[in-house]
Amino acid sequence: LNVNFYSDGGLKITPLKVPLFLCPSDTRPDPNTTYAPTIFGRGNYVAGCDIHDVGRDGISLDGGDPNTLEPAGNSADNNYIHHTGVYYKQGVGVSCSGVGNRVSHNLIHDCYHQALLIGGNDQLVEYNIVHHTNLGSEDTGGLYMSSRNYTNRGTVIRHNVFHHIGGFGKSNSW
């Protein structure tokens, strides 16, 4: 298990097939933090957390093998994520890349940019409630698929609720 603390207050965890559970209570890192938390590897999860007032992304998931499509099995479940992108304005609620990760049952709101940034293969995004995003931008939505790679496919997005997804300066968004 490698835990790296960065000078900007960020945290990066790179376990190799070691189950990891993070933040059983309120998580409010230094607002200058780039990511809080960032998960790489396999079989890890961030669950039941209140993550707010972070400098960039609330949670960042990555892992799996894009060449063999071996899933990472990482997840962000049942988290309350709000007020992201305090300093880096393109920060999101949950960023998910790699192969075979799950983002489910999260409540995400008050994001300067989009709430969910999804890329990679075979991701599952379900049962999330997203509202009041794009508070300072107008070129995204509540969920943004970030792939321009035609080999990225197999992602399932289902049973999510999106409301009050606006765009800064758009009078008819609300």
Practice task
Any residue in the stretch 132-152 that's at positive phi: show its pairings with residues that are surrounded by fewer than 18 Cβ atoms within 10 Å (Cβ to Cβ) at Cβ separation under 9 Å, as long as the two are six or more apart or on different chains.
Solution key: HIS132/ASP110; HIS132/HIS163; HIS132/HIS164; ASN134/GLY141; ASN134/PHE168; ASN134/LYS170; ASN134/SER173
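Please verify whether the stretch 105-121 includes one or more residues that are small (Gly, Ala, Ser), under 18 Å from GLY154 (Cβ atoms), in contact (Cβ under 8 Å) with a residue 12 or more places away in the chain and out of contact with any Cys (no Cβ under 8 Å at 6 or more places or on another chain). Talk me through it step by step, then tell me what you get.
So in the stretch 105-121, the residues small (Gly, Ala, Ser) come out as 115, 119-120.
Among the residues that remain, those that are also under 18 Å from GLY154 (Cβ atoms) are: 119-120.
The next check asks that each one be in contact (Cβ under 8 Å) with a residue 12 or more places away in the chain; those that pass are 119-120.
Next, from what is left, pick out any that are out of contact with any Cys (no Cβ under 8 Å at 6 or more places or on another chain): none.
No, every residue in the stretch 105-121 fails to be small (Gly, Ala, Ser), under 18 Å from GLY154 (Cβ atoms), in contact (Cβ under 8 Å) with a residue 12 or more places away in the chain and out of contact with any Cys (no Cβ under 8 Å at 6 or more places or on another chain).
Just checking, which of ASP57, ASP26, ASP53, ASP62 is surrounded by fewer than 21 Cβ atoms within 10 Å (Cβ to Cβ), modelled with pLDDT of 50 or more, in contact with a strand residue (DSSP E or B) (Cβ under 6 Å, 6 or more places away or on another chain) and not small (Gly, Ala, Ser)? Break it down stepwise before answering.
Values: ASP57 fails: surrounded by fewer than 21 Cβ atoms within 10 Å (Cβ to Cβ); ASP26 fails: modelled with pLDDT of 50 or more; ASP62 fails: in contact with a strand residue (DSSP E or B) (Cβ under 6 Å, 6 or more places away or on another chain).
Going through ASP57, ASP26, ASP53, ASP62 in turn, the sole match is ASP53.
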Exercise for the section: Could you check ALA36 against (1) open to solvent by less than 20 Å² (accessible area, probe 1.4 Å); (2) among the hydrophobic types (A, V, I, L, M, F, W, C); (3) at pLDDT 65 or above and say which number it fails? Expected result: (3)
Completion exercise
Pairs returned, first residue in the stretch 59-75 that is under 14 Å from LEU116 (Cα atoms), second residue that is charged (D, E, K, R) and open to solvent by 80 Å² or more (accessible area, probe 1.4 Å), beta-carbon separation under 8 angstrom, 6 or more apart or interchain, are SER75/ARG102
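The values are calculated or read from the model by the stated rules, or taken from the named source; none is laboratory data. Just so it is clear, the model here is predicted, and its values are computed rather than measured. Every residue, glycine among them, receives a Cβ derived from its backbone with ideal geometry; neighbour counts consider all protein chains shown. We work out accessible area using only protein heavy atoms, side chains counted, and drop any ligands, DNA or RNA first. Shrake-Rupley method; radii C 1.70, N 1.55, O 1.52, S 1.80 Å.
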